[in-house]
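Here's the structure, in structure tokens; my notes come after.
The values are calculated or read from the model by the stated rules, or taken from the named source; none is laboratory data. The structure displayed is predicted, hence computed values, not measured ones. Please note: Cβ atoms are built from the backbone with ideal geometry, for glycine as well, and neighbour counts cover all protein chains shown. Each accessible area value is taken on the protein alone, full model and side chains, heavy atoms only, with ligands, DNA and RNA left out. Shrake-Rupley method; radii C 1.70, N 1.55, O 1.52, S 1.80 Å.
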Amino acid sequence: MFQALTQRRYLLPFKASRLPQQFTEVLVIGGGVAGLRSAIAAAEAGAEVLLLTKDTVAESNTWYAQGGIAAVLQPLDSVESHVKDTLDCGVGLCDESTVRTVISEGPQRVLELLQWNMRFDKKAGNPYDLAFGLEGGHSFARILHSFGDATGKELAQTLINTVRSRESIRISEKTFVIDLITDEGQCVGAIALIGEQVTIIWARRTILASGGAGQLYRESTNPRIATADGHAMAYRAGARVKDMEMVQFHPTTLYVAGSTRALVTEAVRGEGAHLVDHNGYRFMKDYNPMGELAPRDIVSRAIVEQIRKTNFTHVYLDVRHLPKQKFRDRFPQLALLCDQFEIDIAKDLIPIHPSAHYMIGGVDVDDRGQTSLTGLYAVGEASCSGLHGANRLASNSLLEGLTFGTRAGTDAANFARENKIRFPQELEHKIDRSAKTELDITDVKSSLRSVMWRNVGIERTGDRLAETRKIIAFWSRYVMDKTFHITIGRDSAVAGWELQNMLTACFLVTSAAYTRTESRGAHYRLDHPTRDDEHWRSHLTWQRPQEAPIVEPL
Ligand SMILES: Cc1cc2nc3c(=O)[nH]c(=O)nc-3n(C[C@H](O)[C@H](O)[C@H](O)COP(=O)(O)OP(=O)(O)OC[C@H]3O[C@@H](n4cnc5c(N)ncnc54)[C@H](O)[C@@H]3O)c2cc1C
């Protein structure tokens, strides 16, 4: 049924010897927190690094992160407590050793950021005079933030400045990586569109830090770049992917018709905001004793249910009881956004709705970020390290990017400095010309995102998932047999490759969601509403050309 997806190795035919070629010791694909931190670590370990980003280096999920970075930096907090919160949120699917590693190394990674002049918000009274916020699922106020709700921007800028100060790191922006290149079972670099030129980049070690997949859904907090390119290219290259059914939906994104779904950070609820329905009723305690501070999946589902009960399109955040100036100082970006839509936070309710937010599943990695494909590492949102299990605890992903970026960058550099590998410069890949009709790329992309939102979103059922699989299989037959060349224009070629990647990732997400006949963490099946530890305390893993995931009990 999915041969068009499972048989496809490269998106483009090529003959390496006819294309321009570049060489590097460590190739980093992605310039968010995970890629930037990997590049710094690799450079510090003595390697030459090339870092690629598909848009400008500032355009990443990282840049838009608001709430902050979770870290144990206060005497009354403890690693044990943060570990417990993370494991509780992950509902039985976390890898405890990964959780301990990330949380134990977190403080060191944050202190490094202070040395690199990251401006965290300050408050006197603790060893580093840092201000800490509280977010859903955390039992201690341990979230560091910058400029209120602009943590991602400050973090990205700090890391970009640090990267730019290292002579051994080159950055190539507006460079679209099309595929990972493999030879004799190992990754040896990537094929990318640099400007208007398809180029081969040979690398001794490659780190995939290509971020998330929010654009698979019509409603998403993620920027346009988040089209799951890395997930799809790693799958095509033969790396194992895992837990793809686990997509986290953020409960509170601004719901104003026609505007983008700007995220309203969890920290707003941490500061005391209430969730109320269209009738002004504060409903969260009806669903969970933690109320507004329950984990994200519970809050998202409660909102969907309350919307259904009240027969309305959205619910509201009520911040009217919070001191207005204090709110503006703590959440300047949100306050500005509300101003732009003439929402007076002292008098008006803020309309919100859930949206797709974070890809928990990804390329399966070990404790150094190594994938099942020799030569390839994966870090950050593109990876599945076992930190998040079936659900991600708020503010743990920037932390994961920092810790795994450091680990993978160091490991990759240590190998690359000491070992040469053979680059198969004679490599050639042919693809038969398609005999099938063309489909409109923009149309399929937007229909795909709508169908994913309706059928593979916050609430799922076997029937709808089965129907979606058929729809994806149909589109794939027409889209996956095409080759998009630069001759049709850069933007059109990139849009075509992105759609091919999105179809691949949608196939993995939908099929895994169809297979897991229980509800756990971010994955909720209306037809199987309870958690089933007897059968499903398992990961679902894939490796091309499998059509169905393998169930791997823990
Ligand atoms: C609105 C919002 C708020 C958030 N708030 C928080 C928060 O407060 N705390 C927290 O911990 N997490 C938060 N998150 C999640 C967190 O920001 C992300 O999970 C994290 O930043 C991912 O980092 P990354 O480096 O893996 O990927 P990204 O930051 O998304 O970077 C991906 C990079 O890969 C590049 N790339 C992708 N595809 C290709 C390609 N084909 N070719 C070349 N380059 C490519 C992109 O250009 C980009 O540079 C938030 C996310 C969003 C969207």
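Laid out as a table, the results:
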{"read-out": "Residue in the stretch 449-457 that is at positive phi and either away from the ligand (no atom under 16 Å from the Cβ) or in a helix (DSSP H, G or I) (or both) present", "value": "no"}
{"read-out": "Some residue of the stretch 245-263 being assigned to a helix (DSSP H, G or I), at negative phi and open to solvent by less than 10 Å² (accessible area, probe 1.4 Å)", "value": "no"}
{"read-out": "Scan of the stretch 455-481 for residues that are among the basic types (Lys, Arg) and at pLDDT 95 or above, ordered by number", "value": "Arg460, Arg464, Arg469, Lys470"}
{"read-out": "In the stretch 62-78, the residues that are aromatic (Phe, Trp, Tyr) and near the ligand (Cβ under 6 Å from one of its atoms)", "value": "Tyr64"}
{"read-out": "Elements of type strands (runs of 3 or more DSSP E) contained in the stretch 302-406, each with 2 or more residues being within 15 Å of the ligand (Cβ to nearest atom) and open to solvent by less than 10 Å² (accessible area, probe 1.4 Å)", "value": "350-359, 362-364, 376-378"}
{"read-out": "Of residues in the stretch 187-200 being β-branched (Val, Ile, Thr) and open to solvent by 10 Å² or more (accessible area, probe 1.4 Å), the one farthest from the chain's Cα centre (by Cα)", "value": "Val198"}
{"read-out": "Test: residue in the stretch 133-148 that is assigned to a loop (DSSP other than H, G, I, E, B) and under 21 Å from Glu59 (Cβ atoms)", "value": "yes"}
{"read-out": "Members of the stretch 201-224 that are within 11 Å of the chain's Cα centre (by Cα) and among the aliphatic types (A, V, I, L, M)", "value": "Ala209, Ala213"}
{"read-out": "Members of the stretch 201-231 that are closer than 21 Å to Val26 by Cα, buried (at least 24 other Cβ atoms within 10 Å of the Cβ) and not charged (D, E, K, R)", "value": "Ile201, Ala203, Thr206, Ile207, Leu208, Ala209, Ser210, Gly211, Gly230, His231"}
{"read-out": "Restricting the stretch 46-58 to residues that are more than 6 Å from the ligand (Cβ to nearest atom) and surrounded by fewer than 19 Cβ atoms within 10 Å (Cβ to Cβ), the residue that is nearest to Gly136 (Cα to Cα)", "value": "Ala58"}
{"read-out": "Filter pass, Leu503 being in contact with a helix residue (DSSP H, G or I) (Cβ under 6 Å, 6 or more places away or on another chain), closer than 19 Å to Leu216 by Cβ and not in a helix (DSSP H, G or I)", "value": "no"}
{"read-out": "Index of the failed condition, Gly270 passing every other in (1) over 30 Å from Leu322 (Cα atoms); (2) in contact with a Gly (Cβ under 9 Å, 6 or more places away or on another chain); (3) of a type outside the set (S, T, N, Q); (4) within 14 Å of the ligand (Cβ to nearest atom)", "value": "(1)"}
{"read-out": "Candidate set from the stretch 212-243 (those that are of a type in the set (Val, Ile, Thr) and touching a helix residue (DSSP H, G or I) at 6+ places or on another chain (Cβ under 7 Å)); member that is farthest from Ile352 (Cα to Cα)", "value": "Val241"}
{"read-out": "Filter result (in a strand (DSSP E or B), within 15 Å of the ligand (Cβ to nearest atom) and open to solvent by less than 40 Å² (accessible area, probe 1.4 Å)) within the stretch 157-186", "value": "Ile169, Ser172, Thr175, Phe176, Val177, Ile178, Asp179, Leu180, Ile181"}
{"read-out": "Count - residues of the stretch 197-209 that are more than 15 Å from the ligand (Cβ to nearest atom) and over 24 Å from Gly401 (Cα atoms)", "value": "1"}
{"read-out": "Residue check for Gly148: away from the ligand (no atom under 12 Å from the Cβ) and either on the phi > 0 side of the Ramachandran plot or open to solvent by 50 Å² or more (accessible area, probe 1.4 Å) (or both)", "value": "no"}
{"read-out": "Hits in the stretch 407-419 - residues which are touching a Phe, Trp or Tyr at 6+ places or on another chain (Cβ under 9 Å) and open to solvent by less than 10 Å² (accessible area, probe 1.4 Å)", "value": "Ala408, Gly409, Ala412"}
